[in-house]
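A.B. asks: Encoded as structure tokens, here's the structure I'll be asking about.
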């Protein structure tokens, strides 16, 4: 039980560091780069959605990617709004 809890905490810390690293990377981007990144992610989300729909009966593709892409788009929109209103 203790080993499992320790592993879980270490995994969560590692995950949080990765998220902070992504945020810092996005904050250094210009607003134009953020918009380009968002457009690329929208295209990728469309492709993932098409793959998931096309593979109904078989392996359902990669539905977990849809959630990851949506989160990344939300991060980009948040940072873009912060830059737009000079909150950073």
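Each value in this text was obtained by applying a stated rule to the coordinates, not by laboratory testing. Predicted, not measured: the structure shown is a model, and the values here were computed from it. With ideal geometry, Cβ positions are generated from the backbone for all residues, glycine too; neighbour counts draw on all protein chains shown.
A.B. asks: Would you mind getting me the FRET efficiency between residue 28 and residue 51? Use the beta-carbon distance for r and R0 = 41 Å, nearest 0.05.
C.D. replies: In this case the efficiency is close to 0.85.
A.B. asks: Label points 7 Å out from Cα along the Cβ direction at residue 15 and residue 83: separation in nm?
C.D. replies: 2.8
A.B. asks: Where does each of 65-75, 31-41 land if you order them by average Cβ count within 10 Å, highest first?
C.D. replies: Taking the mean over residues of other Cβ atoms within 10 Å, the ranking is 65-75, 31-41.
A.B. asks: Neighbour counts of other C-beta atoms within 10 Å: give me 80, 28 arranged from fewest to most.
C.D. replies: Least to most surrounded, the residues fall as 28, 80.
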